[in-house]
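Step one of this worksheet: look at the structure below.
FYI, it's all coordinate maths here, none of it is from the lab. From a predicted model like this one, the values you see are computed outputs, not experimental measurements. Positions of Cβ are backbone-derived with ideal geometry, glycine not excepted, and every protein chain shown enters the neighbour counts.
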Amino acid sequence: MLSTAIDSAKLLFAGKLFKDNAKVMRQIAIGAGSGAAVVVVVGLFAPMWVAAVAGGAVSGVLQPILFKDLKYA
């Protein structure tokens, strides 16, 4: 299983895993940015561990939604 992950990572960094690499990077940035924004906003009003859980939950929920239309090469 580790070899599958390593092979996928190699293809991703070589630009051969997805058909539209720019869209993949944009979707990753949207998910990560959304999670970071939630961490910052919730961190202003709640303990940091609550902010981290909320940011992780938001990023985790968004990733399948953002990645549903990506095509593999």
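Summary table
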item	result
Segment 21-45 - residue that is loosely packed, with under 13 Cβ neighbours inside 10 Å and either assigned to a loop (DSSP other than H, G, I, E, B) or of a type outside the set (D, E, K, R) (or both) and, of those, nearest to the chain's Cα centre (by Cα)	Ala29
All positions within segment 46-62 that are aliphatic (A, V, I, L, M) and exposed (fewer than 12 other Cβ atoms within 10 Å of the Cβ)	Met48
Tally, over segment 1-32, of residues that are of a type outside the set (S, T, N, Q) and more than 17 Å from Pro64 (Cβ to Cβ)	18
